[in-house]
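Q: Sharing a structure, written as C-alpha coordinates. Questions coming.
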Amino acid sequence: MKKLVGVLLLVVGYSAFAQVNPEKAIKQFSNKMQAVKSISATFSFTLENLQEHITDTYQGKILAKDKMFYLDLMGMEVFSDGKTKWQYIKDANEVTVSNINKKENDFLDDPTKLFKDYNKNFKYKYKGIVKVRNKEYYEVDFFPRDLNLPYSSVKLQFNSKTLEPYMIRYQGKDGNNYIIKIKNFKSNVPIRNDRFIFDLKKHKGVDVIDMR
(Lines give C-alpha, C1' and ligand atoms only; values in the text may rest on other atoms or scores of the structure.)
Protein backbone atom coordinates (compact mmCIF):
# COMPACT_ATOMS: atom_id res chain seq x y z
CA MET A 1 0.00 0.00 0.00
CA LYS A 2 3.02 2.29 0.24
CA LYS A 3 3.27 2.52 -3.48
CA LEU A 4 0.21 3.30 -5.33
CA VAL A 5 0.34 2.05 -9.06
CA GLY A 6 -1.76 0.79 -12.00
CA VAL A 7 -1.48 -1.49 -15.06
CA LEU A 8 -3.48 -2.55 -18.16
CA LEU A 9 -2.81 -4.64 -21.25
CA LEU A 10 -2.40 -1.95 -23.89
CA VAL A 11 -1.47 -1.71 -27.58
CA VAL A 12 1.36 0.65 -28.50
CA GLY A 13 0.61 3.09 -31.32
CA TYR A 14 3.97 3.13 -33.09
CA SER A 15 2.75 5.28 -35.99
CA ALA A 16 2.33 8.29 -33.69
CA PHE A 17 5.69 7.90 -31.96
CA ALA A 18 7.63 10.13 -34.35
CA GLN A 19 5.08 12.92 -34.10
CA VAL A 20 5.54 13.35 -30.35
CA ASN A 21 8.19 15.46 -28.67
CA PRO A 22 8.76 13.36 -25.52
CA GLU A 23 10.63 16.07 -23.61
CA LYS A 24 7.87 18.60 -24.28
CA ALA A 25 5.01 16.20 -23.46
CA ILE A 26 6.53 15.07 -20.15
CA LYS A 27 7.36 18.64 -19.14
CA GLN A 28 3.82 19.79 -19.98
CA PHE A 29 2.39 16.99 -17.86
CA SER A 30 4.67 17.80 -14.93
CA ASN A 31 3.94 21.53 -15.18
CA LYS A 32 0.20 20.92 -15.26
CA MET A 33 0.26 18.62 -12.25
CA GLN A 34 2.35 21.07 -10.24
CA ALA A 35 0.01 23.93 -11.18
CA VAL A 36 -3.06 22.04 -9.98
CA LYS A 37 -4.12 23.41 -6.59
CA SER A 38 -6.19 20.41 -5.50
CA ILE A 39 -7.12 16.92 -6.67
CA SER A 40 -10.02 14.57 -6.03
CA ALA A 41 -9.77 11.12 -7.63
CA THR A 42 -11.15 7.61 -7.39
CA PHE A 43 -9.11 4.68 -8.62
CA SER A 44 -8.60 0.92 -8.61
CA PHE A 45 -5.50 -0.39 -6.85
CA THR A 46 -4.09 -3.76 -7.85
CA LEU A 47 -1.48 -5.76 -5.97
CA GLU A 48 0.17 -8.19 -8.39
CA ASN A 49 2.57 -10.99 -7.47
CA LEU A 50 3.61 -12.81 -10.64
CA GLN A 51 5.61 -15.51 -8.83
CA GLU A 52 2.70 -16.54 -6.62
CA HIS A 53 0.09 -15.89 -9.34
CA ILE A 54 -1.81 -13.58 -6.96
CA THR A 55 -3.72 -10.53 -8.14
CA ASP A 56 -5.96 -8.56 -5.77
CA THR A 57 -7.79 -5.36 -6.72
CA TYR A 58 -9.25 -2.75 -4.37
CA GLN A 59 -11.11 0.52 -4.82
CA GLY A 60 -9.68 3.73 -3.41
CA LYS A 61 -10.08 7.47 -3.11
CA ILE A 62 -7.53 10.28 -2.77
CA LEU A 63 -7.77 14.00 -2.04
CA ALA A 64 -4.72 16.24 -2.33
CA LYS A 65 -4.06 19.93 -1.80
CA ASP A 66 -0.63 21.57 -1.69
CA LYS A 67 1.43 19.17 0.47
CA MET A 68 -1.65 17.76 2.19
CA PHE A 69 -3.52 14.60 1.23
CA TYR A 70 -6.14 12.07 2.30
CA LEU A 71 -6.15 8.45 1.13
CA ASP A 72 -8.84 5.80 1.67
CA LEU A 73 -7.71 2.32 0.63
CA MET A 74 -7.79 -1.31 1.81
CA GLY A 75 -9.54 -0.56 5.08
CA MET A 76 -7.11 2.22 5.99
CA GLU A 77 -7.46 5.99 5.95
CA VAL A 78 -4.31 8.10 5.74
CA PHE A 79 -4.44 11.78 6.65
CA SER A 80 -1.56 14.23 6.23
CA ASP A 81 -1.37 17.98 6.74
CA GLY A 82 2.13 18.08 5.25
CA LYS A 83 3.88 17.73 8.61
CA THR A 84 2.02 14.98 10.46
CA LYS A 85 0.64 11.69 9.13
CA TRP A 86 -2.22 9.72 10.66
CA GLN A 87 -2.81 6.12 9.53
CA TYR A 88 -6.22 4.96 10.75
CA ILE A 89 -7.24 1.28 10.61
CA LYS A 90 -11.02 1.23 10.64
CA ASP A 91 -11.67 -2.31 11.86
CA ALA A 92 -9.21 -2.01 14.75
CA ASN A 93 -10.22 1.60 15.56
CA GLU A 94 -6.50 2.35 15.82
CA VAL A 95 -4.53 5.33 14.54
CA THR A 96 -0.75 5.61 14.22
CA VAL A 97 0.63 9.16 14.32
CA SER A 98 4.05 9.99 12.85
CA ASN A 99 6.02 12.86 11.39
CA ILE A 100 6.49 13.15 7.64
CA ASN A 101 9.96 11.91 6.76
CA LYS A 102 10.93 13.41 3.41
CA LYS A 103 14.27 11.59 3.36
CA GLU A 104 12.61 8.16 3.18
CA ASN A 105 10.95 8.91 -0.16
CA ASP A 106 7.86 7.04 1.04
CA PHE A 107 4.91 7.36 -1.33
CA LEU A 108 2.62 7.93 1.66
CA ASP A 109 4.74 10.90 2.69
CA ASP A 110 4.26 12.61 -0.70
CA PRO A 111 1.97 10.94 -3.29
CA THR A 112 2.81 13.62 -5.88
CA LYS A 113 6.59 13.12 -5.75
CA LEU A 114 6.69 11.54 -9.21
CA PHE A 115 5.23 14.72 -10.71
CA LYS A 116 7.70 17.07 -9.00
CA ASP A 117 11.34 17.52 -9.99
CA TYR A 118 11.16 14.34 -12.06
CA ASN A 119 14.49 15.22 -13.72
CA LYS A 120 16.13 15.34 -10.30
CA ASN A 121 14.55 12.19 -8.87
CA PHE A 122 14.25 9.97 -11.97
CA LYS A 123 15.74 9.03 -15.28
CA TYR A 124 13.04 8.37 -17.85
CA LYS A 125 12.38 6.75 -21.21
CA TYR A 126 9.50 7.61 -23.51
CA LYS A 127 7.82 4.40 -24.73
CA GLY A 128 5.26 5.72 -27.19
CA ILE A 129 1.50 6.13 -27.45
CA VAL A 130 -0.97 3.51 -26.24
CA LYS A 131 -4.64 3.41 -27.16
CA VAL A 132 -7.41 2.40 -24.76
CA ARG A 133 -11.08 2.68 -25.70
CA ASN A 134 -10.38 5.16 -28.48
CA LYS A 135 -8.28 7.40 -26.24
CA GLU A 136 -4.56 7.99 -26.58
CA TYR A 137 -2.10 8.02 -23.70
CA TYR A 138 1.60 8.83 -23.58
CA GLU A 139 3.58 6.08 -21.86
CA VAL A 140 6.79 6.83 -19.97
CA ASP A 141 9.03 4.61 -17.84
CA PHE A 142 10.71 6.31 -14.88
CA PHE A 143 13.78 4.87 -13.15
CA PRO A 144 14.64 6.25 -9.68
CA ARG A 145 18.09 7.72 -9.24
CA ASP A 146 18.01 6.53 -5.62
CA LEU A 147 18.84 2.83 -5.98
CA ASN A 148 17.87 2.14 -2.37
CA LEU A 149 14.16 2.59 -3.09
CA PRO A 150 12.02 -0.60 -2.91
CA TYR A 151 10.97 -0.33 -6.56
CA SER A 152 13.04 -0.50 -9.74
CA SER A 153 10.81 1.46 -12.12
CA VAL A 154 7.54 3.33 -12.47
CA LYS A 155 5.40 3.19 -15.60
CA LEU A 156 3.21 6.24 -16.17
CA GLN A 157 0.46 6.78 -18.72
CA PHE A 158 -1.25 10.16 -19.13
CA ASN A 159 -3.89 11.44 -21.51
CA SER A 160 -2.41 12.99 -24.66
CA LYS A 161 -5.08 15.72 -24.77
CA THR A 162 -5.96 16.53 -21.15
CA LEU A 163 -2.52 15.58 -19.75
CA GLU A 164 -4.28 13.94 -16.80
CA PRO A 165 -2.75 10.77 -15.28
CA TYR A 166 -4.40 7.50 -16.23
CA MET A 167 -2.21 4.67 -14.96
CA ILE A 168 0.79 4.29 -12.65
CA ARG A 169 2.60 0.99 -12.13
CA TYR A 170 5.41 0.41 -9.64
CA GLN A 171 7.76 -2.52 -10.34
CA GLY A 172 8.69 -3.74 -6.86
CA LYS A 173 12.05 -5.32 -6.12
CA ASP A 174 10.33 -7.84 -3.84
CA GLY A 175 8.33 -9.39 -6.69
CA ASN A 176 5.21 -7.35 -6.01
CA ASN A 177 3.86 -4.83 -8.49
CA TYR A 178 1.55 -2.04 -7.39
CA ILE A 179 -0.92 -0.65 -9.89
CA ILE A 180 -3.29 2.32 -10.00
CA LYS A 181 -5.84 2.92 -12.72
CA ILE A 182 -7.57 6.25 -12.24
CA LYS A 183 -11.32 6.16 -12.81
CA ASN A 184 -12.38 9.71 -12.04
CA PHE A 185 -10.02 12.69 -11.84
CA LYS A 186 -11.05 16.20 -10.84
CA SER A 187 -8.67 19.11 -10.37
CA ASN A 188 -8.97 22.43 -8.54
CA VAL A 189 -11.93 21.32 -6.45
CA PRO A 190 -12.64 23.17 -3.16
CA ILE A 191 -11.34 21.16 -0.18
CA ARG A 192 -11.18 22.41 3.42
CA ASN A 193 -7.81 22.06 5.15
CA ASP A 194 -9.34 20.22 8.10
CA ARG A 195 -10.18 17.37 5.68
CA PHE A 196 -6.52 16.34 5.92
CA ILE A 197 -6.38 16.15 9.72
CA PHE A 198 -7.51 13.14 11.73
CA ASP A 199 -10.24 14.27 14.16
CA LEU A 200 -10.10 12.34 17.43
CA LYS A 201 -13.53 13.64 18.41
CA LYS A 202 -15.12 11.80 15.49
CA HIS A 203 -13.53 8.47 16.51
CA LYS A 204 -14.61 7.65 20.05
CA GLY A 205 -12.46 5.12 21.88
CA VAL A 206 -9.76 5.13 19.20
CA ASP A 207 -6.42 3.62 20.23
CA VAL A 208 -3.68 6.18 19.51
CA ILE A 209 -0.11 5.02 18.79
CA ASP A 210 2.07 8.13 18.75
CA MET A 211 5.44 7.54 17.00
CA ARG A 212 6.59 11.17 17.03
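Q: Which links in Lys183/Lys204; Lys24/Lys61; Lys181/Lys202; Lys32/Lys202; Lys37/Lys183; Lys37/Lys127 stretch past 27 Å when you go from one Cα to the other? Could the numbers behind the result be given before it?
A: Details: Lys183/Lys204 33 Å; Lys24/Lys61 30 Å; Lys181/Lys202 31 Å; Lys32/Lys202 36 Å; Lys37/Lys183 20 Å; Lys37/Lys127 29 Å.
Long pairs (Cα-Cα over 27 Å): Lys183/Lys204; Lys24/Lys61; Lys181/Lys202; Lys32/Lys202; Lys37/Lys127.
Q: Let me ask something else. At R0 = 35 Å, how high is the FRET efficiency between Met74 and Glu23 if r is their beta carbon distance? Nearest 0.05 is fine.
A: Efficiency at R0 = 35 Å is approximately 0.45.
Q: Oh, and also: Given a 1.4 Å probe and the protein chains all in place, what does the accessible area of Ile191 round to, in Å² to the nearest 10?
A: Approximately 20 Å² of Ile191 is accessible to the 1.4 Å probe.
The values are calculated or read from the model by the stated rules, or taken from the named source; none is laboratory data. Source: prediction; values computed, not measured. Heads up, the Cβs are rebuilt from the backbone with ideal geometry, glycines too, and the neighbour counts pull from every protein chain shown. Note: areas computed on protein heavy atoms with side chains; ligands, DNA, RNA excluded. Shrake-Rupley method; radii C 1.70, N 1.55, O 1.52, S 1.80 Å.
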